[in-house]
There are 2 protein chains.
Amino acid sequence: MSLTESSAVDIAGTASLASRRLATLSEADRNAALSALHDALLKTKYSILEANSRDVEIASRAVESGELSHSVLKRLDLSRAGKYDDMLKGILSVRDLRDPIGNVTLKTLLDEGLVLERVSCPIGVLLIIFEARPEVIANIAALAIKSGNAAILKGGKESTETFVAISQVISDAIAGTQVPKSSVQLVKTRDVVSSLLAQDSLIDLVIPRGSNDLVRFVKDNTKIPVLGHADGICSAYLHSDADPGIAVKVIVDSKTDYPAACNSLETLLVHHDVLATVFPKVAEALFARGVSLRCDSPSKAALLRTLSTIPADLLQDAVDSDYHTEFLELTLAVKTIPSTSTAGASVDTAIAHINAHSSKHTDIILTSSKEIADIFMKGVDSAGVFWNASTRFADGMRYGFGTEVGISTNKIHTRGPVGLDGLTIYKYLVRGSGHRASDYGEGGKSWRHESLPIV
Amino acid sequence: MSLTESSAVDIAGTASLASRRLATLSEADRNAALSALHDALLKTKYSILEANSRDVEIASRAVESGELSHSVLKRLDLSRAGKYDDMLKGILSVRDLRDPIGNVTLKTLLDEGLVLERVSCPIGVLLIIFEARPEVIANIAALAIKSGNAAILKGGKESTETFVAISQVISDAIAGTQVPKSSVQLVKTRDVVSSLLAQDSLIDLVIPRGSNDLVRFVKDNTKIPVLGHADGICSAYLHSDADPGIAVKVIVDSKTDYPAACNSLETLLVHHDVLATVFPKVAEALFARGVSLRCDSPSKAALLRTLSTIPADLLQDAVDSDYHTEFLELTLAVKTIPSTSTAGASVDTAIAHINAHSSKHTDIILTSSKEIADIFMKGVDSAGVFWNASTRFADGMRYGFGTEVGISTNKIHTRGPVGLDGLTIYKYLVRGSGHRASDYGEGGKSWRHESLPIV
């Protein structure tokens, strides 16, 4: 075993042991650790900001030389107004959420004196790998402790100094509480990550937060279940009866509110019958925000026919790959959905396009018909399906989850924004007094199988 | 692309399309398909039994020549009293279970006119690989249709004739209903399985039912999430205050009711203080049933001291690997848990042994103390943790789930016996009237985040 391997086994092993102890702590003990974490980060604010300023300085030079994007620098800077205080507030809001552990979700009387319960419990050990955004460390440590899971965290190299400073504060703060110290461990070197991804008997879930490349690398290199999403290819379908005002508001917000986000709009499907009516209004509003439209021929022809002026370069021809592309900038692919004898058939075509091209993140429909909306919401196989509302609402804070560890496009375990519930599983408990299974069945005792009230 | 590959893509692709249509069907449509399936299998009973007799004949010869075990032959034979009728009854009981689809599990008013719902929905496409037991085909087809999932089924080679006959009946029966024909597809050749395991963009979940080797092969050869369990290493901890009568009843039942089952007992942990009191009673009852005990030195010495007669060969020395072994026969590993000043420390030692050695399937404690039982039930990281009840209760039918597709030792998605609920996921639906995310946040509108009643 190499040094990195043995260090990975050591990290994962101590995390696993810590997780078993964490799982038995009371809510009060876990909350006390979150209060301690908050207080310690408040007290050390200036030394952490100082460490952060060193990261920012190095990053600024990298931006000047063109090696780093400006947006990474922006995300790195913890001294921006309100950012540090938001991080502190986030810890307390997670602390004050309802305990996700120990909830009974099923209770059945199997037979006299024999009771089955399904009770929520922590998953165990989480490995969370993220880039930039140093405040995420505190956020995720808080979510892990609240949900009774041990966490192994690996930050991006741009935030190394901040990361080390925050991690030291977290370790010291936890040391004075019931939460075992190894519950939150921080990994600094990149080479240990590959070895950690091999610890599938000790680590229960990997959550990569960052670029599509990071997520794909993780998915391709581990047998541990991965929670997250690579692409966020979100689509809107503009149906023939869409309200023009609603369509403009929702589509412009979905595309322009924050184009680099995974819940931004990338593809617009337009019903043929509104190519010359609602669609030009939408296109005009998008052009005004500087959005380029990559149109198929019918939609392009419709704009050329109906709009007197189109800003230079903003009307482009779509190629097939545009409908599979997450642009993450002010570009939108447009495709026409043919008109059919029944409205139902058009919505089916839109659904089929989305199920074949979207990344199962969030897709929306603009229509005045509840019936058409229902068909769309049942038929689209995505984590979020919205009617007359912006794709940008797909977010843990906006859903009222307090915060999130990420957004999942998985189709098992948890889907969409992942808060505390997504970090739990359950176990089945049976309490008896000497009950034997062999007493039941043919010629033996009968099952009661009565649902009991859950208090 | 080879012929097998293209056939796998074709099977998975049509299953995926069928799954989208299935997801939009009403409960009545899905139930009608189950009634049709039941009626068709009732009408064709004799031709299916005839096909089965051909499988049984070939298998009998294989048993005679020592190539096949007698238990496989027994499982294969559909003509045994009640077996076919149980299969038919099983379809109707799945049909009559509560609809697992379309249930709202969370409803939040995000803001005026903007409502978030979390609604249960099918996962999509399931690939189910199983050995022997031909009646499982009907069972699993029923569970898949009821939960709105498309299923690709691969049976064992011993049941080929039966499998082909049943599958033809299923296809014909479904053809006359709203359920798309490709919703249940049956794969006959083994070589297509490897190609199907590569279709991770079309298949959402693999469920292997069979030997540990089958499960391991599947886990090692796919990126699709796998639901199931390889080993079933279940343990019992006999605490110092265990009631002797309860201990004997529960341990004997756990070990001997059906030793080849995954929920049978494989390891017994004995508190030092009861080595000479309760343990010999348990051992005597086990010896009387022909169970061999593989004991560590303290437990062996205690039996030699306390029992006047021990059947020849049934008392053996344990080696380390015994505590990691799923015997699946009348053999039980025994280990002593040292006595400590506090009872809590002993139960912690037992918990630590189980978390390090068990397969996270089902583990039990024998104790008269609710406090000790609670510590054990919180600390053991297994799908089932029972107090004074047999490990053999870990079963979907016994839990009141109607039936099961298998037992999961996974720590995400679903754990323990998997019924209809384990075959669903959820999606988030948002309904608005032109709501923009950019209107919220600093200086903008506030969130309501009010929990709404779920009707």
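Leaving ligands, DNA and RNA out of it, rank A:Leu109, A:Leu114 by accessible area with a 1.4 Å probe, largest first.
A:Leu109, A:Leu114
Between B:Lys157 and A:Thr340, take the C-beta separation as r, use R0 = 41 Å, and let me know the FRET efficiency to the nearest 0.05.
About 0.30, to the nearest 0.05.
Please list the non-local residues whose amide H lies under 5 Å from the amide H of A:Gly124, H modeled 1.01 Å from N, same-chain partners needing a gap of 5 or more.
A:Ala150
Got a sec to turn the phi values of the stretch B:22-37 into Karplus ³J(HN,Hα) couplings, 6.51 cos²θ - 1.76 cosθ + 1.60 with θ = phi - 60°, whole Hz, x for Gly and Pro?
For the stretch B:22-37, the Karplus curve yields 4, 5, 9, 6, 6, 4, 4, 5, 5, 5, 4, 5, 5, 4, 4, 4 Hz.
Largest first, how would A:Ser19, B:Ser79 line up by accessible area (1.4 Å probe)?
Putting A:Ser19, B:Ser79 in descending order of accessible area: B:Ser79, A:Ser19.
For B:Gly443, place a label point 7 Å from Cα along the Cα-to-Cβ direction in every copy; what are the distances to the other copies, in nm, shortest first?
Taking the point 7 Å beyond Cα along Cα→Cβ, the inter-copy spacings are 8.2 nm.
What is the average number of partner chain Cβ atoms found within 10 Å of a Cβ in B:374-385?
5
Looking at B:Phe217, B:Leu196, B:Leu116, which one has the Cα that reaches farthest to the positive end of the dipole of chain B (charges on Cβ: Lys, Arg +1; Asp, Glu -1)?
B:Leu116
Over the whole of A:435-446, what's the average partner chain Cβ count within 10 Å per residue? Rounded to a whole number, please.
Numbers: counts 10, 12, 15, 9, 4, 4, 3, 1, 0, 0, 0, 0.
Mean shielding count: 5.
Suppose every K and R has +1 on its Cβ and every D and E has -1 on its Cβ; what is the size of the dipole of chain B about the Cα centre, in Debye to the nearest 20?
Result for chain B is approximately 820 debye, rounded to the nearest 20.
Does the stretch A:290-411 come out rounded, prolate or oblate, given a ≥ b ≥ c as the square roots of the eigenvalues of its C-alpha gyration tensor, rounded meaning a/c under 1.5 and, failing that, prolate meaning a/b above b/c?
oblate
Between A:Ser71 and A:Ala276, what length in nm is gained on full extension when 0.36 nm per residue of separation is reduced by their alpha carbon distance?
Full extension from A:Ser71 to A:Ala276 adds 70.0 nm.
Select the chain B residue whose beta carbon lies nearest to the rotation axis carrying chain B onto chain A, and write the distance in whole Å.
B:His413, 2
Could you order B:Asp374, B:Asp96 so the one with the most accessible surface comes first? Probe is 1.4 Å.
Result, largest first: B:Asp96, B:Asp374.
List the relative contact order of chain B as a percent without decimals, with contacts defined as Cα pairs under 8 Å and 6+ residues apart.
Over chain B, the number comes to 19 percent.
What residues from the stretch B:268-292 fall in the zone where the backbone N is under 13 Å from a label point 7 Å along the Cα-to-C-beta line of B:Glu329?
Those under the cut-off are B:291-292.
At 222 nm, what value in deg cm²/dmol follows for chain A if DSSP H runs of at least 4 each add -39500 (n - 2.57) and the sum is divided by all its residues, to the nearest 500? Could you put the intermediate results ahead of the total?
On the way: 14 runs with 180 residues, N = 455.
When only DSSP H runs of four or more count, the value is -12500 deg cm²/dmol.
List the distances, in nm and shortest first, from the label point of A:Ser71 to the matching label points in every other copy, placing each point 7 Å from Cα along the Cα-to-Cβ direction.
5.7
Mind jotting down the distance between the C-alpha centroids of the stretch A:19-74 and the stretch B:75-118, whole Å?
Answer, in whole Å: 45.
What residues qualify as long-range amide H neighbours of A:Ser408, i.e. H under 5 Å apart, gap of 5 or more or another chain, H built at 1.01 Å from N?
Under 5 Å from the amide H of A:Ser408 lie the amide H atoms of A:Gly416, A:Val418, each far enough along the sequence or on another chain.
Cα to Cα, under 25 Å, and not fewer than 8 places away if on the same chain: which lysines meet these conditions relative to B:Lys154?
In chain and number order, the partners are A:Lys223, A:Lys411, B:Lys43, B:Lys45, B:Lys74, B:Lys83, B:Lys89, B:Lys146, B:Lys181, B:Lys188, B:Lys219, B:Lys223.
Under a straight-distance cross-link criterion of Cα-Cα below 26 Å, which lysines are reachable from A:Lys335, leaving out those fewer than 8 residues away in the same chain?
A:Lys249, A:Lys255, A:Lys281, A:Lys300, A:Lys360, A:Lys370, A:Lys378, B:Lys427
In whole Hz and in residue order, list the ³J(HN,Hα) couplings for the stretch A:383-397 that follow from phi through the Karplus curve 6.51 cos²θ - 1.76 cosθ + 1.60, θ = phi - 60°; x for Gly and Pro.
Per residue, the Karplus-derived 3J(HN,Hα) values read 5, x, 9, 10, 10, 6, 9, 5, 4, 5, 6, 6, 6, x, 5 Hz.
Hey, rough spin-label estimate for B:Glu112 and A:Ala260, points 7 angstrom out along Cα→Cβ, what's it come to in nanometres?
About 3.5 nm, to one decimal.
Cα gyration tensor of the protein assembly as shown, axes a ≥ b ≥ c as square roots of the eigenvalues: rounded (a/c below 1.5), prolate (a/b > b/c) or oblate?
Oblate is the answer for the protein assembly as shown, as a/c is 1.5 or above yet b/c matches or exceeds a/b.
May I ask you to evaluate 6.51 cos²θ - 1.76 cosθ + 1.60, the Karplus curve with θ = phi - 60°, for each residue of the stretch B:248-260 and list the ³J(HN,Hα) values in order in whole Hz, giving x for glycine and proline?
4, 4, 6, 5, 4, 4, 4, 8, 10, 4, 6, x, 7
Kindly give the distances from A:Asp220 to its copy-mates, label point to label point, with each label point 7 Å from Cα along Cα→Cβ, as nm values to one decimal ordered shortest first.
Here the equivalent label points are 2.3 nm apart from this one.
For chain A, what does the alpha-carbon gyration tensor say about shape, rounded, prolate or oblate, given a ≥ b ≥ c as the root eigenvalues, a/c under 1.5 as rounded, and a/b over b/c as prolate?
It is oblate, given that a/c is not under 1.5 and a/b is not larger than b/c.
If you take the beta carbon distance between B:Lys45 and A:Ser438 as r and set R0 to 30 Å, what does 1/(1 + (r/R0)^6) give as a FRET efficiency, to the nearest 0.05?
E(calc), rounded to 0.05, equals 0.45.
Within the stretch A:122-160, name every residue whose backbone N is under 12 Å away from a label modeled 7 Å from Cα of A:Glu64 along the Cβ vector.
No residue passes the distance filter.
How many nm is it between the label spots at B:Ala352 and A:Asp200, if each spot is 7 Å from the Cα in line with the beta carbon?
2.9
If I model the stretch A:1-86 as equal point scatterers sitting on the Cα atoms and use the Debye formula, what is log10 I(q)/I(0) at q = 0.20 Å⁻¹?
Listed by q, the Debye log ratios stand at -0.92.
The values are calculated or read from the model by the stated rules, or taken from the named source; none is laboratory data. None of the values given here were measured: they were computed from a predicted structure. Here the Cβ is made from the backbone with ideal geometry for all residues, glycine too, and neighbour counts use every protein chain on show. Please note that ligands, DNA and RNA were not included when accessible areas were found on the heavy atoms of the full protein model with its side chains. Shrake-Rupley method; radii C 1.70, N 1.55, O 1.52, S 1.80 Å.
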